[in-house]
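Structure record follows, encoded as structure tokens.
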Amino acid sequence: MANKPKTSARRDRGRRHPLATVALIMVGLLGTGGAYALFTTSASAETSTAAEAQVEDGSKLFAANCATCHGMNLQGTTQAPSLIGVGAAAVDFQVGTGRIPLAATGPQAEEKPVQFTQEQVAALAAYVASMGPGPGIPSEEYLGGEGDAAVGAELFRINCAMCHNVAGAGGALTEGKFAPPLGGVSATHIYEAMITGPQNMPVFNDANISPEDKANIITYLKYLDETPSVGGFGLGDLGPVSEGLFIWIFGLGAIVAITIWLTAKSN
Amino acid sequence: MSTTTDERPTTTVEPSRGQRFTGWAANYVDERTSISGLVKELGRKIFPDHWSFMLGEVALYSFIVILLSGTFMTFFFQASMVPVLYDGSYVPLKGIEMSAAMASTLDLSFDIRGGLLMRQVHHWAALLFVASIGLHMLRIFFTGAFRKPREINWLIGFVLFVLAMAEGFTGYSLPDDLLSGNGLRIIDGLIKGVPIVGTWISYLLFGGEFPGEDVVGRFYTLHILLLPAILVAALGVHMLLLIINKHTQFAGPGRTNDNVVGVPIMPVFAAKAGGFFFIIFGVIVLIASLFQINPIWTYGPYDPSPVSAGTQPDWYIGFADGALRLVPPGWELELGPYTLSLNVFIPTLVLVLFLAVVALYPFVEAWITGDKREHHIADRPRNAPTRTAIGAAGVTFYAMLWAAASSDLIATHFRLTIEGVIHACQFLLIVGPIIAYVVTKRVCLALQKKDREIALHGYESGRIVRLPGGEYIEVHEQLDEYERWKLVSYEDYKPLMLRPNAQGKITAGERLRSRASSWFFEDRIAPVTKTEIEKSHGDH
């Protein structure tokens, strides 16, 4: 709950990209152009023009920000994979969580402050989607968290817990890669991660886990997010390791302090 | 108060009604049980005051807390693996099939008043129990309190430690949740890794192929009946020997090998200990009420297919988990149709060997030193450099196994690669103890030298004095007799001489012993003698 406003605030504040001014002028120009078009065309063409404008917009953004690594035609280079057919969902996830553009090469792209505004992300997604069919942005009906948490929890344990930990606390993968913690991740991004398989994550397509079951998993993760830990402070949900460290350092530490106090000679 | 002072002049020796009753009751009991002798003996048992002497008590009191909270839980827990559909308060498990054991543990956590607190008290107390046993053992080891006549009590204490781990593990397995099931699967693997008999033992334990439907019931019997019974019996003997052997004490003025200086158990110590029990109880309940432990509802019911990331046993089994994680790949041997899983069997052997060394160390040291005297004065760790160094090496070895058990969490939290963490642990498992041994031994010798220096020449006072001749000196303050006593009173061992036995022969055993003895005592700092002190007084 608490994370939501924070994320959006962070997005709004996002450090301005050097090309943001250019993009802004572009948006302005296109807006004017679009408005002109709006007056001159029929209603059905209106939406398609708006979509085209968005794709056009995305194309410019792509050329300015992404093409260095992914190639002018999305064909990919030695630095980055081809984006033909990855779909809007992949772009929305990778760019929308700040993983892309990469800050540095490393074991995997890490979450960081988002570099683009929501409109820019949408434009990029639309552009990439226009270049080849792929998984789209999930529809709202699966994201509300109204599914069955019990089914979701079971699916989560079977399909997700081996990397993300049973409490969604994250876990280690090979060679410095890791499955990130899932607390506070938006429903859209969870859904998109499942259908696109970002970084080292496998793809869970609709034949594997149906959209309804994806909604169930999202419901369970929302439940974990929104329900405070039942037995007190959760110690990071890391299980016996943090419990063991706690009892040695704080439990036994406190007790040793007490024994020293009890046997201290009065001054 | 005022009434008693009023009455005092009139009532000379007439006991009050309460006193009369106490006297009568005590007499009644004593005439039928002759308990007064025991009370007299016990009541005069002396406890020297030192914080580290209370660690065993911590273990004892946390065990009592475990017994109390455990008894509460037996009223509600169903040790059965019969599948049921959960229909309790926890929404994300509603309608899920699970064993009755898991369902009843969930009910205990969510639907029975005080149940969750009792579960958490029980589990935290269990962690504290084993941890305090561990610290208690380290205290005994590093002060040499295991030497004659206490070797047997060390052995019993060791048995208690192993029993505590077994109690912990069986308890951890009872809720039949995903985490405990995975832990049990590892144990199953360890058993199956034993050549030839492994599979048979596993089938015997689980009543068929893992997980079967028997293991929770069987572990329940072990956990609440057999193991506690043995534990309580061993605990009784442990305490009895503690009374018979008397308590060790640190060297000090008036404290000799033949006496014990401290507080008698009655009445002050008993009151203090009683209070201490409640403090321990309080600390455990405080922790249990504030910090969640083993949230089985998040783990979900056991199902052999899912294994969560970050699956670890409770800390005291961690060293076994770590040992398995550190085995390099490819340790398997194929003999015809059979595969010998050395990757599982060797770590098991290493663990057994490690525990055997811990258990038998007092006997090994006694043999090496050839020391048959009784010891009631606890050593300061620095005054037995080789033993302390061996202890440090052992602790390092254990710590590396322990760290390896959390290799994945170390990797994610310190942004390392898991392979790097494993390789570092593998390297340090072998090299770490050697480094720890050498460093500790040198540090001990250096501390002994420092003690010797202080005993002979006092400590630097920081007061610079200019002598009439213009020379500056720093005045060294002498220690008082009490402080010096602590520094100089320790025993001086020398390596054993290789001597022929009665038949005039030097046996191979003796040769080995002499070599071990010279390894043990070769580097040593002799304690300051009285003549040295007297001589040194003239210097300053």
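Tabulated data for the structure shown
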{"item": "Any hit, region B:61-72, residues being farther than 16 Å from B:Pro175 by Cβ and facing chain A (nearest Cβ under 10 Å)", "result": "yes"}
{"item": "Pairs where the first residue, in region B:144-173, is small (Gly, Ala, Ser) and the second is part of a loop (DSSP other than H, G, I, E, B) and buried (at least 21 other Cβ atoms within 10 Å of the Cβ), C-beta under 6 Å, 6+ apart", "result": "B:Gly144/B:Ala384; B:Ala145/B:Thr248; B:Gly168/B:Asp314"}
{"item": "Test set (1) in contact with a strand residue (DSSP E or B) (Cβ under 9 Å, 6 or more places away or on another chain); (2) of a type outside the set (A, V, I, L, M); (3) at negative phi; (4) surrounded by 21 or more Cβ atoms within 10 Å (Cβ to Cβ) - B:Ser341 fails condition number", "result": "(4)"}
{"item": "Residue list for region B:413-445, restricted to those being surrounded by 14 or more Cβ atoms within 10 Å (Cβ to Cβ), under 27 Å from B:Ile390 (Cβ atoms) and in contact with a Leu (Cβ under 9 Å, 6 or more places away or on another chain)", "result": "B:Ile422, B:Ala424, B:Cys425, B:Gln426, B:Leu429"}
{"item": "Qualifying residue in region B:339-349 (condition: away from every other protein chain (no Cβ under 13 Å), under 18 Å from the mean Cα position of the chain (by Cα) and over 30 Å from B:Leu447 (Cβ atoms))", "result": "no"}
{"item": "Leading residue by the ranking (surrounded by the most Cβ atoms within 10 Å (Cβ to Cβ)) among those in region B:87-118 that are at the interface with chain A (Cβ under 8 Å from one of its Cβ atoms) and within 34 Å of the chain's Cα centre (by Cα)", "result": "B:Ser109"}
{"item": "Some residue of region A:96-103 being outside the structural domain of A:Val203 (by TED's automatic domain parsing), surrounded by fewer than 14 Cβ atoms within 10 Å (Cβ to Cβ) and touching a Gly at 6+ places or on another chain (Cβ under 7 Å)", "result": "no"}
{"item": "Subset of region A:152-184 [buried (at least 20 other Cβ atoms within 10 Å of the Cβ) and β-branched (Val, Ile, Thr)]", "result": "A:Val166"}
{"item": "Residues within region B:282-310 that are more than 7 Å from every other protein chain (Cβ to nearest Cβ) and out of contact with any Phe, Trp or Tyr (no Cβ under 7 Å at 6 or more places or on another chain), tallied", "result": "9"}
{"item": "Helices (runs of 4 or more DSSP H) completely within region A:167-267 that count 1 or more residues being farther than 30 Å from B:Asp111 by Cβ and more than 9 Å from chain B (Cβ to nearest Cβ)", "result": "A:187-196, A:211-226, A:252-263"}
{"item": "Number of the exception - B:Ala389 against (1) at pLDDT 95 or above; (2) surrounded by fewer than 16 Cβ atoms within 10 Å (Cβ to Cβ); (3) in contact with a helix residue (DSSP H, G or I) (Cβ under 7 Å, 6 or more places away or on another chain)", "result": "(2)"}
{"item": "Sole exception among (1) among the aromatic types (Phe, Trp, Tyr); (2) surrounded by 12 or more Cβ atoms within 10 Å (Cβ to Cβ); (3) over 29 Å from B:Ala392 (Cβ atoms) for B:Tyr482, by number", "result": "(2)"}
{"item": "Single residue of region A:153-166 satisfying the filter (in contact (Cβ under 8 Å) with a residue 24 or more places away in the chain and more than 19 Å from the chain's Cα centre (by Cα)) that is nearest to the other protein chains (Cβ to nearest Cβ)", "result": "A:Ala153"}
{"item": "Set B:Leu160, B:Leu138, B:Leu155: member being within 19 Å of B:Ala356 (Cβ to Cβ), modelled with pLDDT of 95 or more, crowded, with 20+ Cβ neighbours inside 10 Å and aliphatic (A, V, I, L, M)", "result": "B:Leu160"}
{"item": "Subset of region B:12-37 that is surrounded by fewer than 11 Cβ atoms within 10 Å (Cβ to Cβ) and at pLDDT below 80 - its residue that is farthest from B:Lys272 (Cα to Cα)", "result": "B:Thr12"}
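The values are calculated or read from the model by the stated rules, or taken from the named source; none is laboratory data. Keep in mind that this is a model prediction, so the values were computed, not measured. Note that we place each Cβ from the backbone using ideal geometry, even for glycine, and neighbour counts take in every protein chain shown.
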